[in-house]
Amino acid sequence: MAKDRYSVVGVMSGTSLDGIDLIYVEFEINNGWHFNIVNSETVGYSEDWENKLSNLVLYSLEDLQQIDDEYTVYLSGIIKDFMTRYNIKNIDAICSHGHTALHQPADQLTYQIGNRPAISELVGEKVVCDFRVQDVEFGGQGAPLVPIGDKLLFNAYDFCLNLGGFANISMELDSDRIAYDVCPVNIVLNHYARHLGMSYDDEGKEAATGEINRELLDGLNALDFYKESYPKSLGLEWVKTNVFPIIESFQLEPKNVLKTFVEHIAIQLSVEINRKKNNTSSVLVTGGGAYNNYLIERLKHYSQHKIVIPSNTVVEYKEALIFGLLGVLKLRNEINCLQSVTGAFKNHSSGKIFLP
C-alpha cells in the first residue's frame, strides 16, 4: 500500500545557470497533495562550471559523457553537503532533474547530465532522476514537466507562469492540462547583463534605463517559433541559432538590448495569457524573472489579469519542489508526465530509480 507522507530532497539546475536549487520538502496526500518546504538553498556555480555548462552544445558526445561523469560527482557532493548542513536524515529519495546539456526533441534527443547511476552510490540514498528521456522516446517534447505539479499543487490559479532561463506557461483547457515554452527570459537577459559586469540585471534597473530598438523588437517577435502551436519547447541551441545572431546584428549597447528584450518577453507572455478574455484571471508568477520589477511592470502594461507573486521560497524553488513531486509520483508508479502537455502518445510515469 502506498504511503501518504513522503520526505524528499528536490534538486534543480536551470538553463539560466543561477545555480543548483535544493529543497528538503515534505509531501502529504490527503484530499489532494500538500507540501511543506522545510529547508531550501541555492548553491552558485564556480566560474569554471558556469563556463562549461554555458557551452555544452559545443562539445562532442564523447566530451559530454566525460563532463556528465564529472558533473555527477560534483552534484553528489553538493547534495551531500546540503543534507549534512541541515541534518537531513531518513528521507524517501533524492529527486533530481540534473542539468540539460542537449534538448532536440524533433531528433528524439534530450540529454541531462548528472543522472548517472553513480549518483545514488555517491550520495548513499535512493535517487529518482532523468525524467525527460522516456517522454521523448514516447514521441513527446520531454518538456515542460512542471505542469503536473501546477495541476496537483497550484490549481487555484488560472495560469502558472515560470520565468527562468525560459518562460513556460501552464493552464487547464477543456479539462486537460496544457503547457509549453513561451520565449527565452533569463538565458538572454543574464547573457547581456554580463556585458555590463553583472551576473543579472537586478530588478530590471538597467533595462529600465535603456531604449527600445523597434526594428530589433519586430525581428524578435517575428521568429517562427511564436507561430507554432503547442506542444513546443525551447533549448539553448535554439537561442544560439535564432536569437543571439539577430541581437548581435544590431550592435546595440547592452542596456538597450535588455530593454528591447524585456519588451519582447512581456509581449509574448501577454499574447498567451490574454487568450482568456476574462480580466479576473489569476496568473501565478515564479522563477527568477518574478524579481525583475521592470519586466513585471511591462507584463501588467500588456495584460489586465491579476498577477500574483507568491512567497520568495515558492518563487525561487517551485521547480525543485515539483521535481520532488515528480520523484514521489514515480515511486508510487503514478502518472507524472502528461501527454496533453508534451505531445507523447500516452500519459506515463517517467524517471529512473537508482539504489545505493
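The values are calculated or read from the model by the stated rules, or taken from the named source; none is laboratory data. Keep in mind the model is a prediction, meaning the values are calculated, not measured. Every residue, glycine among them, receives a Cβ derived from its backbone with ideal geometry; neighbour counts consider all protein chains shown. Protein only, heavy atoms only, side chains kept; ligands, DNA and RNA dropped before computing areas. Shrake-Rupley method; radii C 1.70, N 1.55, O 1.52, S 1.80 Å.
Does Asp48 qualify as being at pLDDT 95 or above and more than 18 Å from the chain's Cα centre (by Cα)? Against the criterion (at pLDDT 95 or above and more than 18 Å from the chain's Cα centre (by Cα)), Asp48 does not qualify. Could we say that Thr15 is at pLDDT below 95 and within 18 Å of the chain's Cα centre (by Cα) here? Taking the combined requirement at face value, the residue satisfies it. Limited to segment 257-304, what total is found for residues that are in contact with a Lys or Arg (Cβ under 8 Å, 6 or more places away or on another chain), surrounded by 23 or more Cβ atoms within 10 Å (Cβ to Cβ) and among the hydroxyl-bearing types (Ser, Thr, Tyr)? Of the residues in segment 257-304, 1 are in contact with a Lys or Arg (Cβ under 8 Å, 6 or more places away or on another chain), surrounded by 23 or more Cβ atoms within 10 Å (Cβ to Cβ) and among the hydroxyl-bearing types (Ser, Thr, Tyr).
Each row is one residue, and each column tells you yes or no for (1) modelled with pLDDT of 95 or more; (2) more than 26 Å from Leu189 (Cβ to Cβ).
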| site | (1), (2) |
| --- | --- |
| Gly287 | no, no |
| Tyr291 | yes, no |
| His301 | yes, no |
| His305 | no, no |
| Ile309 | yes, no |
| Glu316 | no, no |
| Leu325 | yes, yes |
| Lys330 | yes, yes |
| Asn347 | yes, yes |
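If you filter segment 1-55 down to residues that are under 16 Å from Val314 (Cα atoms) and among the polar types (S, T, N, Q), you find that the one that is least open to solvent (accessible area, probe 1.4 Å) is Ser13. Residue pairs whose Cβ atoms lie under 9 Å apart, sitting 6 or more positions apart in sequence or on different chains, and linking a residue in segment 325-344 that is at positive phi to a partner that is small (Gly, Ala, Ser), are Asn333/Ala2; Asn333/Ser349; Gly343/Gly139; Gly343/Gly140.
Filter segment 339-356 for residues that are touching a strand residue (DSSP E or B) at 6+ places or on another chain (Cβ under 8 Å) and crowded, with 24+ Cβ neighbours inside 10 Å; which is farthest from Glu26 (Cα to Cα)? The residue in question is Val341.
Of all residues in segment 305-316, at least one satisfies being over 30 Å from Ile29 (Cα atoms), open to solvent by less than 60 Å² (accessible area, probe 1.4 Å) and in contact (Cβ under 8 Å) with a residue 24 or more places away in the chain. Close contacts from segment 259-278, counting a first residue that is farther than 13 Å from Leu161 by Cα and of a type in the set (Phe, Trp, Tyr) and a second that is open to solvent by less than 20 Å² (accessible area, probe 1.4 Å) and outside any loop (DSSP other than H, G, I, E, B), with Cβ to Cβ under 8 Å and a gap of 6+ residues or different chains, come to Phe261/Val188; Phe261/Leu189; Phe261/Tyr192; Phe261/Ala207; Phe261/Leu220; Phe261/Ile247. Of the residues making up segment 317-334, those that are open to solvent by 10 Å² or more (accessible area, probe 1.4 Å) and touching a strand residue (DSSP E or B) at 6+ places or on another chain (Cβ under 8 Å) number 4.
May I ask you to verify whether Glu237 is in contact (Cβ under 8 Å) with a residue 40 or more places away in the chain, out of contact with any Lys or Arg (no Cβ under 9 Å at 6 or more places or on another chain) and open to solvent by 20 Å² or more (accessible area, probe 1.4 Å)? Don't jump to the end; show me each part of the working.
Details: in contact (Cβ under 8 Å) with a residue 40 or more places away in the chain: yes; out of contact with any Lys or Arg (no Cβ under 9 Å at 6 or more places or on another chain): yes; open to solvent by 20 Å² or more (accessible area, probe 1.4 Å): yes.
So Glu237 fits the description; yes.
Residues that are β-branched (Val, Ile, Thr): list the helices (runs of 4 or more DSSP H) wholly contained in segment 135-216 that include at least 2 such residues. Result: 186-194.
From the list Ser76, Ser60, Ser120, the lone residue that is surrounded by fewer than 17 Cβ atoms within 10 Å (Cβ to Cβ) and over 20 Å from the mean Cα position of the chain (by Cα) is Ser60.
When Gly165, Gly139, Gly149, Gly197 are screened for being surrounded by fewer than 17 Cβ atoms within 10 Å (Cβ to Cβ), among the small types (Gly, Ala, Ser) and closer than 30 Å to Lys276 by Cα, only Gly139 passes. Being open to solvent by 50 Å² or more (accessible area, probe 1.4 Å) and part of a loop (DSSP other than H, G, I, E, B) is the filter here; which residues of segment 217-230 pass it? Within segment 217-230, Ala222, Glu228, Ser229, Tyr230 qualify.
Within segment 242-356, considering only helices (runs of 4 or more DSSP H) that don't extend past its boundaries, which have at least 2 residues that are farther than 23 Å from Glu203 by Cβ?
Details: elements: 244-248, 254-273, 293-302, 312-331, 339-342.
Answer list for segment 242-356: 244-248, 254-273, 312-331, 339-342.
Close contacts from segment 202-229, counting a first residue that is under 30 Å from Ser340 (Cα atoms) and a second that is buried (at least 16 other Cβ atoms within 10 Å of the Cβ) and among the polar types (S, T, N, Q), with Cβ to Cβ under 7 Å and a gap of 6+ residues or different chains, come to Tyr226/Gln268.
Before we move on, is Asp81 among the charged types (D, E, K, R), modelled with pLDDT of 95 or more, in contact with a Lys or Arg (Cβ under 7 Å, 6 or more places away or on another chain) and surrounded by fewer than 21 Cβ atoms within 10 Å (Cβ to Cβ)?
Numbers: among the charged types (D, E, K, R): yes; modelled with pLDDT of 95 or more: yes; in contact with a Lys or Arg (Cβ under 7 Å, 6 or more places away or on another chain): no; surrounded by fewer than 21 Cβ atoms within 10 Å (Cβ to Cβ): yes.
Answer is no for this residue.
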